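A.B. asks: First, the structure itself, so that you have it in front of you.
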Amino acid sequence: MSNSNYSAGEPEYGGQEPSYGYPQDGYGRPSHSRPPHGRPSYDQGSYQQPSYGQQSSYGQQPSYGQESSYGQEPSYGQPSYDQPDASYGRRPDPSYQRPAEPESRPEPEPSPAAEPVRGKAAKGQNRRSALKFMGFGGLLTAGGAAAGVLGKDLVLPSTAQAATATGALSLPAGSQVDGLTVPSFAPSGRRPRYRRATWSQQFQKGHGWSIGGSGTASSDPDDTEVFTRGTQSARATTTGAGAQSYIRKAGLPALNMTGKMLRLIFRVDNADHLSKMVFYLGSGGFKDTYSWRFHNHSRTAANYVQSGEWVTVHLQWADVAAASGAYTLSATGKPSVKTGFTDLSFAVYDDGAGKVTYNLQAVEAVPDTTSKFPKGVVSITFDDSHQSIHDLGRPVMDELGMPGTIYNIADAIGTGTFLTIDEMRSLQDSSGWEMAGHSYANAAHTASYAKLTAQQVDEDFRKLREWLVSNGFTSDHFAYPHGAFQKTTDGVPVDMLAARHFTTARSIISETIESFAPAMPYRLKALTGINDGSGIGGTTLAKVIGPGGQLDRCAESGDWLILCLHKLTEGPPKTSTEISQAGLGKLLKEIEKREIEVLTVQEAMTYYA
């Protein structure tokens, strides 16, 4: 839109949803307990079996210079808000109240004139429609298909050419990586509809927001050089002293954020000296505020915000970190008010050792997770294909009718203490589980993709997808080994390579919880290290299920809570990547008690595809 600010209603999705060939009950759901997970109806006449072309030799693994090691799992440690360099791949304790710190409060400023907002925000849908499970989980012939990657289109040739054809992947700033094998199977791309904003500020000419703070060295409210919408964005550069820099507006017409979440679109030119990012929503000239500390920059782990990239973040009510003034949060994390907001501030802090330049493109209100899932939704995922998932986890989950998603290492299947092909098929076909991808070669998993070249990573992706399809597993979803999606050793973003083969890719970042629809499907957020042990680090089960924990916040305010588990044990766990069978049962009972729906990642992503 040409105007920098608008208000519009959420489009309605009314009408009868199509039937996909399964018998329906009175609620429009398949009459059996769960749909047959993405398997196509071959009598429709529209599906053609793809040609796989030249088959890869799965018995020979590429050598990445590291020995495989299934027995050693990464330790995630104990997270803390007070550790700026900690890896935020874990969910901090939501009940922890961080002491007030002067630089984390919005700096005072006279309220400028109000900015007009036209129209009314439509109410989000509160009733969930019946789940319609569609398609073949991404099994598409590559001929003529196109997949968008960061604004670039990858046009794929037919599968007959895929085994031998090579090409270039276009990268930002006009560079490219050559010699990649064309994927045998295009990602399905099936995902929920893009959330249309009901209120939006896009920082076009005349937007009226101010740039300031003691931490701001220079600024340009009308930067026509760097933008991703319209013809400009707002830019600021910090002083390098660790103080607050902001782009803000006070005195807006009151916003009603009931059933809404905030969408932020921004860019950090160089994140090397980035410390944290905070958003404030309030009234009374920022006397009353809610705040979201939505990014803490790590020096070691994968970061959701990376240098030179346009990033989208969703801020949900379930993720509010603190309240001040007249605003409060209940013991279960529920905010006291969700309407009447007139003040908004986007705040950035450098690490005190160097300057940070950032551009803000959009601040928007969009329908939140509760518009589709009134009490939120949980996905229970397991990494690494451990046998204990089948032997100890499945019986507990089958009892409650809850499905899981397993992210599998193809190289491990059928060896040692890992799942067999038959067990994987039984989980998928008899219990409705999803068999997704984690890596093809164990050596690639052990090294992590950020330690490999782009060609090595892309080849591992290609073989993994072929292996899943050739064995009848319909998922085209993926989880990064060790959650690492940084650049490869030759400078190619791993999530761009993932987008050539899969529809989503899950991380282990949890500085905020995932939303439905997700802001960035190739950086899905997940809470990991969940365990019921004592003194072994990770995220304790008590924090997840206790008052004000992630389950309470999910049920009260709605989000897509993706849980990442690994091994199960019969007795007490010994590492942060283990949870006992009894502990898993307790977790599932708490989810059931709160009436939170449990879906696989594949089901959630196809819900409104």
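The values are calculated or read from the model by the stated rules, or taken from the named source; none is laboratory data. None of these values were measured; they are calculated from a predicted model. Here the Cβ is made from the backbone with ideal geometry for all residues, glycine too, and neighbour counts use every protein chain on show. For accessibility, only protein heavy atoms count, side chains too; no ligands or nucleic acids. Shrake-Rupley method; radii C 1.70, N 1.55, O 1.52, S 1.80 Å.
A.B. asks: Give the accessible area for Ser431 in Å² (nearest 10); use a 1.4 Å probe, count only protein heavy atoms, and leave out ligands, DNA and RNA.
C.D. replies: The accessible area comes out at roughly 20 Å².
A.B. asks: In nanometres, what is the gap between the two model label sites at Ser426 and Thr339, each 7 Å from Cα along Cα-to-Cβ?
C.D. replies: A separation of 5.4 nm, rounded to one decimal place.
A.B. asks: Give me the percent relative contact order of region 234-309, please, defined on Cα pairs under 8 angstrom at least 6 residues apart.
C.D. replies: Values: 67 pairs, mean separation 21.9, N = 76.
Computed over region 234-309, the figure is 29 percent.
A.B. asks: Further, regarding this structure: Given the options Gly282, Val311, His295, identify the residue whose Cα lies farthest towards the positive end of the charge dipole of region 268-311 (+1 on Cβ of Lys, Arg; -1 on Cβ of Asp, Glu).
C.D. replies: Gly282
A.B. asks: Follow-up. Would you grab the residues whose amide H sits under 5 Å from the one on Gly242? Only those 5+ places off in sequence or on another chain, please, with H modelled 1.01 Å from N.
C.D. replies: Asp350, Gly352
A.B. asks: Continuing with the same structure: Let me spell out the model: positive unit charges on the Cβ of Lys and Arg, negative unit charges on the Cβ of Asp and Glu, origin at the Cα centre of region 301-444. What dipole size does that give, in debye rounded to 20?
C.D. replies: 560 debye
A.B. asks: Could you order Arg465, Arg394 by accessible surface area, starting with the largest, using a probe radius of 1.4 Å?
C.D. replies: Arg394, Arg465
A.B. asks: Which ³J(HN,Hα) values, rounded to whole Hz and listed in residue order, are derived for region 355-371 from phi using the Karplus coefficients 6.51, -1.76 and 1.60 in 6.51 cos²θ - 1.76 cosθ + 1.60 with θ = phi - 60°, glycine and proline given as x?
C.D. replies: 7, 10, 9, 9, 10, 10, 9, 7, 10, 9, 9, 9, x, 9, 4, 5, 5
A.B. asks: Same structure, new question: Which whole-number percent gives the relative contact order of region 471-609, counting Cα pairs below 8 Å spaced six or more residues apart?
C.D. replies: 19 percent.
A.B. asks: Please work out the C-alpha center-to-center distance from region 359-380 to region 421-489 and express it in whole Å.
C.D. replies: So the two Cα centres are separated by 28 Å.
A.B. asks: Using θ = phi - 60° and the Karplus relation 6.51 cos²θ - 1.76 cosθ + 1.60, list the HN-Hα couplings for region 532-548 in order, rounded to whole Hz, with x at every Gly or Pro.
C.D. replies: Along region 532-548, the couplings run 10, x, 10, x, 10, x, x, 9, 6, 4, 4, 6, 6, 9, x, x, x Hz.
A.B. asks: So in region 433-551, what percent of DSSP beta bridges are antiparallel if you round to the nearest 5?
C.D. replies: Close to 10 percent.
A.B. asks: Which value, in Å² rounded to 10, gives the accessible area of Arg191 with a 1.4 Å probe and all protein chains present?
C.D. replies: Number for this one is 80 Å².
A.B. asks: Could you state how much accessible area Trp310 has, in square angstrom rounded to the nearest 10, with a 1.4 Å probe and all protein chains kept in place?
C.D. replies: Roughly 70 Å² of Trp310 is accessible to a 1.4 Å probe.
A.B. asks: Please find the FRET efficiency linking Asn270 to Thr231, where r is the Cβ-Cβ separation and R0 is fixed at 25 Å, and quote it to the nearest 0.05.
C.D. replies: Computed FRET efficiency for Asn270 and Thr231: 0.55.
A.B. asks: Taking 4 °C and 1.567 mPa s as the conditions, I'd like the Stokes-Einstein D for region 360-399 in µm²/s, using the Kirkwood hydrodynamic radius from alpha carbon pairs.
C.D. replies: 94 µm²/s
A.B. asks: Any chance you could check the Cα centroid distance between region 538-609 and region 220-241 for me, in angstrom?
C.D. replies: For region 538-609 versus region 220-241, the Cα centre distance is 40 Å.
A.B. asks: Give me a comma-separated list of calculated 3J(HN,Hα) values for region 380-394, in order, Karplus coefficients 6.51, -1.76, 1.60 applied at θ = phi - 60°, integers in Hz, x for any Gly or Pro.
C.D. replies: Here the 3J(HN,Hα) series is 9, 10, 10, 9, 5, 6, 5, 4, 5, 4, 6, 6, 10, x, 4 Hz.
A.B. asks: Give me the tail of P(r) for region 468-609 as a percent: Cα-Cα pairs with distance above 25 Å.
C.D. replies: Numbers: 3427 of 10011 pairs.
For region 468-609, the share of Cα pairs beyond 25 Å comes to 34 percent.
A.B. asks: Under the 0.36 nm per residue contour assumption, what length would be gained going from the current alpha-carbon distance of Ser214 and Ser470 to full extension? Walk me through the numbers on the way to the answer.
C.D. replies: Numbers: separation 256, 0.36 × 256 = 92.16 nm, distance 5.88 nm.
Contour length minus the Cα-Cα distance gives 86.3 nm.
A.B. asks: Taking amide H atoms as placed 1.01 Å from N in the peptide plane, list the residues 5 or more away in sequence, or in a different chain, whose amide H sits under 5 Å from that of Ala217.
C.D. replies: Sorted by chain and number, the residues that satisfy this are Thr237, Thr238, Thr239.
A.B. asks: Quick one: which residues, 5+ away or cross-chain, put their amide H under 5 Å from the amide H of Asn256? H built at 1.01 Å from N.
C.D. replies: Gly340
A.B. asks: Quick one: work out the % antiparallel among DSSP beta bridges in region 487-592, nearest 5.
C.D. replies: Counting only bridges with both partners in region 487-592, antiparallel ones make up about 20 percent.
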